[in-house]
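Peer 1: I have a structure I would like to understand better, so I am pasting it below and will then ask my questions one at a time.
The values are calculated or read from the model by the stated rules, or taken from the named source; none is laboratory data. Quantities reported herein were computed from a predicted structural model and do not represent experimental measurements. All Cβ positions, glycine included, derive from the backbone under ideal geometry; neighbour counts span all protein chains shown. Just the protein is used for accessible areas: all its heavy atoms, side chains included, with ligands, DNA and RNA removed. Shrake-Rupley method; radii C 1.70, N 1.55, O 1.52, S 1.80 Å.
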Amino acid sequence: YLRRAVLQPAGMTDTAVTLGGWDDQRVARGLIDGQDQGRLDQFAGTPWWLLGAGGLQTTLADMAAWTASLSAGSPLSAESVAAMTSVHAPSGEGDGAGMGYGFGVIPTPRGTTVIGHNGSNDVFAADWRHDLDDDLTVFVASNHADVYADVVSEAVWAMALGARLELPPAVVVLEPDALARRAGTWALEDGARLVTRVRGSGLLVSS
(Lines give C-alpha, C1' and ligand atoms only; values in the text may rest on other atoms or scores of the structure.)
Protein backbone atom coordinates (compact mmCIF):
# COMPACT_ATOMS: atom_id res chain seq x y z
CA TYR A 1 0.00 0.00 0.00
CA LEU A 2 2.81 2.41 0.88
CA ARG A 3 4.43 1.93 -2.53
CA ARG A 4 1.15 2.14 -4.45
CA ALA A 5 -0.42 5.09 -2.62
CA VAL A 6 2.57 7.26 -1.71
CA LEU A 7 5.97 6.27 -3.07
CA GLN A 8 5.24 5.54 -6.71
CA PRO A 9 2.94 8.58 -7.24
CA ALA A 10 5.78 10.69 -5.81
CA GLY A 11 8.15 9.24 -8.42
CA MET A 12 10.03 7.10 -5.88
CA THR A 13 10.50 3.94 -7.92
CA ASP A 14 13.50 2.65 -5.94
CA THR A 15 12.06 2.99 -2.44
CA ALA A 16 10.39 0.30 -0.34
CA VAL A 17 10.61 -1.55 2.95
CA THR A 18 12.16 -4.45 1.05
CA LEU A 19 13.67 -4.25 -2.41
CA GLY A 20 14.80 -7.58 -3.77
CA GLY A 21 17.11 -8.30 -6.65
CA TRP A 22 19.38 -5.28 -6.38
CA ASP A 23 22.99 -5.74 -7.49
CA ASP A 24 25.60 -5.56 -4.73
CA GLN A 25 26.95 -2.32 -6.20
CA ARG A 26 23.61 -0.59 -5.55
CA VAL A 27 23.08 -1.59 -1.93
CA ALA A 28 24.89 -0.09 1.05
CA ARG A 29 26.61 -2.44 3.48
CA GLY A 30 26.70 -1.52 7.16
CA LEU A 31 29.98 -1.05 9.00
CA ILE A 32 30.83 -1.16 12.71
CA ASP A 33 34.50 -0.56 13.56
CA GLY A 34 35.29 -1.37 9.96
CA GLN A 35 33.53 -4.74 10.13
CA ASP A 36 30.97 -5.59 7.44
CA GLN A 37 27.47 -6.01 8.92
CA GLY A 38 25.77 -7.04 5.68
CA ARG A 39 23.57 -5.39 3.08
CA LEU A 40 20.98 -2.81 4.02
CA ASP A 41 18.16 -4.96 2.65
CA GLN A 42 19.32 -7.92 4.75
CA PHE A 43 19.84 -6.00 7.97
CA ALA A 44 17.50 -7.42 10.61
CA GLY A 45 17.07 -4.30 12.69
CA THR A 46 13.54 -3.04 11.99
CA PRO A 47 10.62 -4.61 13.91
CA TRP A 48 7.26 -4.80 12.19
CA TRP A 49 5.74 -1.92 14.15
CA LEU A 50 8.34 0.50 12.72
CA LEU A 51 7.97 -0.46 9.06
CA GLY A 52 7.13 2.69 7.17
CA ALA A 53 8.41 4.83 10.05
CA GLY A 54 11.85 3.28 9.64
CA GLY A 55 13.61 0.67 7.58
CA LEU A 56 12.83 2.16 4.18
CA GLN A 57 15.46 1.64 1.52
CA THR A 58 15.86 4.50 -0.92
CA THR A 59 18.22 6.37 -3.24
CA LEU A 60 19.42 9.94 -3.55
CA ALA A 61 17.32 10.40 -6.69
CA ASP A 62 14.21 9.15 -4.90
CA MET A 63 14.77 11.51 -1.97
CA ALA A 64 15.02 14.37 -4.47
CA ALA A 65 11.73 13.20 -5.99
CA TRP A 66 10.10 13.08 -2.54
CA THR A 67 11.23 16.61 -1.78
CA ALA A 68 9.91 17.87 -5.12
CA SER A 69 6.58 16.14 -4.54
CA LEU A 70 5.91 18.28 -1.46
CA SER A 71 5.52 21.36 -3.62
CA ALA A 72 4.15 19.61 -6.70
CA GLY A 73 1.04 18.33 -4.93
CA SER A 74 1.62 14.67 -5.72
CA PRO A 75 0.69 12.40 -4.08
CA LEU A 76 -0.28 14.70 -1.20
CA SER A 77 -2.70 17.57 -1.43
CA ALA A 78 -1.60 21.09 -0.52
CA GLU A 79 -3.83 20.83 2.54
CA SER A 80 -2.08 17.64 3.66
CA VAL A 81 1.37 19.17 3.20
CA ALA A 82 0.29 22.25 5.15
CA ALA A 83 -0.94 20.05 8.00
CA MET A 84 2.27 18.01 8.00
CA THR A 85 4.48 21.08 8.09
CA SER A 86 2.60 23.02 10.77
CA VAL A 87 3.51 22.81 14.46
CA HIS A 88 1.05 20.65 16.42
CA ALA A 89 3.28 19.94 19.43
CA PRO A 90 5.32 23.03 20.34
CA SER A 91 8.86 22.55 21.61
CA GLY A 92 8.10 24.55 24.75
CA GLU A 93 11.01 26.90 24.13
CA GLY A 94 8.79 29.69 22.81
CA ASP A 95 10.72 29.83 19.56
CA GLY A 96 7.91 28.64 17.31
CA ALA A 97 9.54 25.26 16.73
CA GLY A 98 7.89 21.93 17.33
CA MET A 99 6.60 18.79 15.69
CA GLY A 100 4.32 18.56 12.70
CA TYR A 101 3.06 15.25 11.34
CA GLY A 102 6.26 13.31 10.74
CA PHE A 103 8.41 16.45 10.51
CA GLY A 104 10.26 18.65 12.92
CA VAL A 105 9.34 22.26 12.11
CA ILE A 106 11.90 25.00 12.83
CA PRO A 107 11.58 28.73 12.07
CA THR A 108 14.94 30.21 11.03
CA PRO A 109 16.48 33.63 11.81
CA ARG A 110 16.13 34.35 8.07
CA GLY A 111 12.36 34.21 8.35
CA THR A 112 11.99 30.86 6.61
CA THR A 113 10.73 27.50 7.86
CA VAL A 114 12.81 24.34 7.83
CA ILE A 115 11.26 20.90 8.11
CA GLY A 116 13.19 17.70 8.62
CA HIS A 117 13.44 14.25 10.05
CA ASN A 118 16.27 11.91 10.94
CA GLY A 119 16.67 8.38 12.17
CA SER A 120 19.17 5.64 12.84
CA ASN A 121 19.68 2.17 14.16
CA ASP A 122 22.89 0.57 15.35
CA VAL A 123 24.50 0.92 11.90
CA PHE A 124 22.60 3.01 9.34
CA ALA A 125 21.59 6.64 9.76
CA ALA A 126 19.96 9.37 7.69
CA ASP A 127 19.10 13.04 8.05
CA TRP A 128 16.86 15.06 5.70
CA ARG A 129 16.08 18.75 6.03
CA HIS A 130 14.29 21.10 3.65
CA ASP A 131 13.64 24.83 3.69
CA LEU A 132 10.08 25.34 2.54
CA ASP A 133 10.74 28.93 1.48
CA ASP A 134 14.26 28.81 0.02
CA ASP A 135 13.82 25.36 -1.57
CA LEU A 136 17.14 24.29 -0.04
CA THR A 137 17.46 20.60 0.77
CA VAL A 138 20.20 18.54 2.40
CA PHE A 139 20.04 14.77 2.64
CA VAL A 140 22.82 12.71 4.25
CA ALA A 141 22.81 8.93 4.61
CA SER A 142 25.47 6.91 6.38
CA ASN A 143 26.20 3.19 6.51
CA HIS A 144 28.85 3.56 9.23
CA ALA A 145 27.95 3.42 12.92
CA ASP A 146 30.60 6.04 13.79
CA VAL A 147 29.32 8.67 11.32
CA TYR A 148 26.34 10.68 12.57
CA ALA A 149 24.33 11.83 9.57
CA ASP A 150 22.83 14.85 11.35
CA VAL A 151 26.27 16.20 12.28
CA VAL A 152 27.34 16.05 8.64
CA SER A 153 24.11 17.56 7.33
CA GLU A 154 24.32 20.40 9.87
CA ALA A 155 27.75 21.32 8.50
CA VAL A 156 26.65 20.98 4.86
CA TRP A 157 23.58 23.10 5.58
CA ALA A 158 25.71 25.85 7.13
CA MET A 159 28.10 25.83 4.15
CA ALA A 160 25.16 26.02 1.72
CA LEU A 161 24.08 29.20 3.50
CA GLY A 162 27.54 30.71 3.14
CA ALA A 163 29.13 29.87 6.47
CA ARG A 164 32.87 29.24 6.53
CA LEU A 165 33.65 26.11 8.52
CA GLU A 166 36.96 24.75 9.67
CA LEU A 167 37.19 21.37 8.00
CA PRO A 168 38.83 18.37 9.71
CA PRO A 169 42.57 17.99 9.14
CA ALA A 170 43.83 15.69 6.43
CA VAL A 171 44.07 12.01 7.35
CA VAL A 172 47.64 10.84 7.98
CA VAL A 173 48.41 7.13 7.72
CA LEU A 174 50.80 5.96 10.46
CA GLU A 175 52.99 2.90 10.52
CA PRO A 176 51.97 0.30 13.15
CA ASP A 177 54.78 1.20 15.57
CA ALA A 178 53.98 4.92 15.37
CA LEU A 179 50.31 4.11 15.94
CA ALA A 180 51.13 1.98 18.99
CA ARG A 181 53.12 4.82 20.58
CA ARG A 182 49.98 6.95 20.61
CA ALA A 183 47.96 4.40 22.55
CA GLY A 184 47.49 5.03 26.25
CA THR A 185 45.62 7.08 28.83
CA TRP A 186 45.70 10.86 28.55
CA ALA A 187 44.79 13.29 31.35
CA LEU A 188 42.86 16.45 30.46
CA GLU A 189 43.02 19.75 32.34
CA ASP A 190 39.59 19.25 33.90
CA GLY A 191 40.56 15.88 35.36
CA ALA A 192 38.83 13.78 32.71
CA ARG A 193 40.77 11.07 30.91
CA LEU A 194 40.92 9.91 27.33
CA VAL A 195 41.86 6.33 26.58
CA THR A 196 43.28 5.49 23.15
CA ARG A 197 43.91 2.00 21.86
CA VAL A 198 44.83 0.56 18.50
CA ARG A 199 41.84 -0.69 16.50
CA GLY A 200 42.72 -2.00 13.07
CA SER A 201 44.60 0.72 11.19
CA GLY A 202 43.50 3.52 13.52
CA LEU A 203 43.03 4.56 17.11
CA LEU A 204 39.80 4.14 19.05
CA VAL A 205 39.31 7.02 21.49
CA SER A 206 36.99 6.79 24.49
CA SER A 207 36.44 8.98 27.53
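Peer 1: Grab the beta carbon distance between Y148 and A64, set R0 = 25 Å, and tell me the FRET efficiency rounded to 0.05.
Peer 2: 0.65
Peer 1: So in the chain, what percent of DSSP beta bridges are antiparallel if you round to the nearest 5?
Peer 2: In the chain, approximately 95 percent of DSSP beta bridges are antiparallel ones.
Peer 1: Once both axes come from the Cα atoms, what is the angle between helix 60-72 and the longest principal axis of the chain, in degrees from 0 to 90, rounded to 10?
Peer 2: 30
Peer 1: Please compute the net charge surrounding G34, taking Lys and Arg as +1 and Asp and Glu as -1 over other residues with Cβ under 12 Å from its Cβ.
Peer 2: Net charge around G34: -1.
Peer 1: How charged is the neighbourhood of V151? Take every other residue with its Cβ under 13 Å from the Cβ of V151, and add Lys/Arg as +1 and Asp/Glu as -1.
Peer 2: -3
Peer 1: Cα gyration tensor of the range 104-175, axes a ≥ b ≥ c as square roots of the eigenvalues: rounded (a/c below 1.5), prolate (a/b > b/c) or oblate?
Peer 2: Here the range 104-175 falls in the oblate category.
Peer 1: Give me the accessible area per residue for the chain, probe 1.4 Å, as a whole number in Å².
Peer 2: 65
Peer 1: For a test of the definition: using alpha carbon positions, the gyration tensor, and the 1.5 limit on a/c, classify the range 139-207 as rounded, prolate or oblate.
Peer 2: Prolate.
Peer 1: Still on this model: How many percent of the accessible area of the chain is carbon or sulfur, using a 1.4 Å probe?
Peer 2: Looking at the chain in its full context, I get 56 percent from C and S.
Peer 1: Further question on the same structure: For the chain, take the longest principal axis of its alpha carbons; what is the angle in degrees between that and the long axis of helix 149-160, to the nearest 10 within 0 to 90?
Peer 2: 70
Peer 1: Put +1 on the Cβ of every Lys and Arg and -1 on every Asp and Glu Cβ in the chain; which of L174, T112, G92 then has its Cα farthest towards the positive end of the dipole?
Peer 2: Of L174, T112, G92, it is L174.
Peer 1: Which length gain, in nm to one decimal place, applies between R181 and S201 when the Cα-Cα distance is subtracted from 0.36 nm times their residue separation?
Peer 2: In short, 5.9 nm is gained.
Peer 1: Let me ask something else about it. When the helices in the chain are scored as -39500 (n - 2.57) per DSSP H run of 4 or longer and the sum is shared across all residues, what 222 nm value do you end up with, to the nearest 500 deg cm²/dmol?
Peer 2: Helices in the chain give a 222 nm mean residue ellipticity of -5500 deg cm²/dmol.
Peer 1: In addition: Please tell me the relative contact order of the range 75-207 in percent, rounded to the nearest whole number, where contacts are Cα pairs under 8 Å and at least six residues apart.
Peer 2: Relative CO of the range 75-207 lands at 10 percent.
Peer 1: Considering the Cα trace of the chain, what is its radius of gyration and what is Dmax, both in angstroms?
Peer 2: When restricted to the Cα atoms of the chain, Rg and Dmax are 20.6, 63 Å.
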